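Taking it in order: structure first as structure tokens, then the write-up.
The values are calculated or read from the model by the stated rules, or taken from the named source; none is laboratory data. A quick note: this is a predicted structure, and the numbers were derived from the prediction, not measured. Here the Cβ positions follow ideal geometry from the backbone for every residue, glycine too, while neighbour counts run over all protein chains shown.
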Amino acid sequence: MPYYAGLRREEPATRKRIAEGLIRLQKSLVAQKVPKRTLGGDLLIASWNIREFDSTKYGDRVADAYYYIAEVLNHFDLIAIQEVNDDLRALDRVRNLLGSWWKYVVTDVSAKAGGGNDERMAFLYDGRKVTFDGLAGEIVLPPTKVDGLVLQFARTPFVCGFRSGWAKIDLCTVHIYYGDDKALNPRRLEEIQKLAKFLADRARQGAPAAGAAAPASPPTSKTLILLGDFNIFSNGDATLSAITDAGFSIPKVLTERTGTNIDKSKFYDQIAIWRGDRFDETERGGVFDFYEAVFRAEDEPAYENSIPKESSGRRAAYKTWKTFQMSDHLVLWAAFKVDFAEDYLNRIATEPPKDPS
């Protein structure tokens, strides 16, 4: 549970408002079937684009937002976060609320000139359950014989290796180029296609050739998870097909879900799996909508003095302002089995005895 001691330093009205919001948020997490995580249970992985974290475009984030963001993050074990700004104080503030066992790994800032918008990507994880295994890198596409100059990603995809339970997992988080407001922006589609193919080719390395006899003791293979903000409009778009055509699969629990934008009509965020050893899907996962509990329409009067004025002198729209407090993306998550101790013991217990000779 996050540290709430700091609430005592807030003004009484603010303290009361945040406490009431946290209670609603906790109830909403239960109602939306986000499971209570345990240090020895399934691994809960999430992806969340936290809008311009932290930006002052619509004024500073109010204290409420930091507590609510921390509360949401605390219900998952490993989270890929997009749109982390150059200044890491916001991320540090949330981590301090979560506790000293929480850790993060971040990229450098992507260049604004190339469409990267001066943002970072991050992995935040509970160090009691997840271990960083030392792998961290940003993907740069190699030149080909046909094309010596390859168009690179606007925001370089970030790969990190982790261990949890019996599983070794490489995660690649992305924030794919958006461009114009079209489902099939050519550059967006090209980025997804090239990334999915590049990662699939890497995942296939070391696999037995077609028709080859399986080794007596196959090497342990890592699971590869591709997740983040793909700016995919619909589940039927070629942008999503580019991921699955490369060999990745969408967890079954996430194939019939709502979108992750505010009105739940767009499927911007995705989690796709290249499954390795000791890693299984579960029937738990979905989209968590925090706006059912906090920054609701009825909460607008409480924030009136925090909403900045625009050049016209009028206050910015509450529905826009609140997306710079929480986000314009909802949280996509899924639970995965990483504890195979029982399976391992059962296999040993049922193995026929070996001939001593």
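Scan TYR58, TYR68 and give me the residue that is touching a residue at least 60 places away in the same chain (Cβ under 8 Å), surrounded by 22 or more Cβ atoms within 10 Å (Cβ to Cβ), among the hydroxyl-bearing types (Ser, Thr, Tyr) and under 27 Å from ALA317 (Cα atoms).
On the way: TYR58 fails: surrounded by 22 or more Cβ atoms within 10 Å (Cβ to Cβ).
Only one candidate qualifies: TYR68.
Could you grab me the full set of residues in the range 1-20 that are surrounded by fewer than 15 Cβ atoms within 10 Å (Cβ to Cβ) and closer than 21 Å to GLU304 by Cα?
Within the range 1-20, the first condition is being surrounded by fewer than 15 Cβ atoms within 10 Å (Cβ to Cβ), and the residues that meet it are 1, 3, 5, 8-9, 11-13, 16, 19-20.
Passing the criteria: GLU11, PRO12, ALA13, LYS16, ALA19, GLU20.
Residue by residue through the range 324-357, note down the ones that are polar (S, T, N, Q), surrounded by fewer than 17 Cβ atoms within 10 Å (Cβ to Cβ) and either touching a residue at least 12 places away in the same chain (Cβ under 8 Å) or in a helix (DSSP H, G or I) (or both). Can you show your working first?
Taking the range 324-357 first, the residues polar (S, T, N, Q) are 325, 327, 346, 350, 357.
Applying the additional criterion that residues be surrounded by fewer than 17 Cβ atoms within 10 Å (Cβ to Cβ) yields 346, 350, 357.
Matches in the range 324-357: ASN346, THR350.
Buried (at least 22 other Cβ atoms within 10 Å of the Cβ), in contact with a helix residue (DSSP H, G or I) (Cβ under 6 Å, 6 or more places away or on another chain), closer than 30 Å to ASN117 by Cα and not basic (Lys, Arg), is that true of PHE53?
Answer is yes for this residue.
Which fully enclosed strands (runs of 3 or more DSSP E) of the range 77-139 have 3 or more residues being of a type in the set (A, V, I, L, M), more than 16 Å from the chain's Cα centre (by Cα) and at positive phi?
On the way: elements: 78-85, 102-106, 119-126, 131-138.
Once the strands (runs of 3 or more DSSP E) in the range 77-139 are filtered for at least 3 residues that are of a type in the set (A, V, I, L, M), more than 16 Å from the chain's Cα centre (by Cα) and at positive phi, nothing remains.
So, in the range 2-27, how many residues would count as being under 23 Å from the mean Cα position of the chain (by Cα), in a loop (DSSP other than H, G, I, E, B) and not aromatic (Phe, Trp, Tyr)?
Looking only at that region, the number is 1.
Restricting attention to the range 265-282, does a residue exist that is at positive phi, in contact (Cβ under 8 Å) with a residue 40 or more places away in the chain, touching a strand residue (DSSP E or B) at 6+ places or on another chain (Cβ under 6 Å) and assigned to a strand (DSSP E or B)? Don't jump to the end; show me each part of the working.
Start the filter on the range 265-282 by keeping residues that are at positive phi, which leaves 278.
With the extra rule that they be in contact (Cβ under 8 Å) with a residue 40 or more places away in the chain, the set shrinks to 278.
If we keep only those that are touching a strand residue (DSSP E or B) at 6+ places or on another chain (Cβ under 6 Å) as well, we get 278.
Those left that are additionally assigned to a strand (DSSP E or B): none.
Taking every residue of the range 265-282 in turn, none turns out to be at positive phi, in contact (Cβ under 8 Å) with a residue 40 or more places away in the chain, touching a strand residue (DSSP E or B) at 6+ places or on another chain (Cβ under 6 Å) and assigned to a strand (DSSP E or B).
The conditions are (1) under 20 Å from ILE45 (Cα atoms); (2) more than 16 Å from the chain's Cα centre (by Cα); (3) surrounded by 21 or more Cβ atoms within 10 Å (Cβ to Cβ), and PHE233 fails exactly one of them. Which is it?
So PHE233 meets the others, but not (1).
Taking only pairs six or more apart or across chains, which ones have beta-carbon atoms under 6 Å, a first residue in the range 153-166 that is under 17 Å from ASP126 (Cβ atoms) and without any contact (Cβ under 8 Å) to a residue 40 or more places away in the chain, and a second residue that is hydroxyl-bearing (Ser, Thr, Tyr) and surrounded by fewer than 23 Cβ atoms within 10 Å (Cβ to Cβ)?
Once the first residue is under 17 Å from ASP126 (Cβ atoms) and without any contact (Cβ under 8 Å) to a residue 40 or more places away in the chain and sits in the range 153-166, its partners that are hydroxyl-bearing (Ser, Thr, Tyr) and surrounded by fewer than 23 Cβ atoms within 10 Å (Cβ to Cβ) give ARG163/THR131.
Output the number of the condition that GLN193 fails; it satisfies all remaining conditions of (1) polar (S, T, N, Q); (2) more than 16 Å from ALA272 (Cα to Cα); (3) modelled with pLDDT of 90 or more.
(2)
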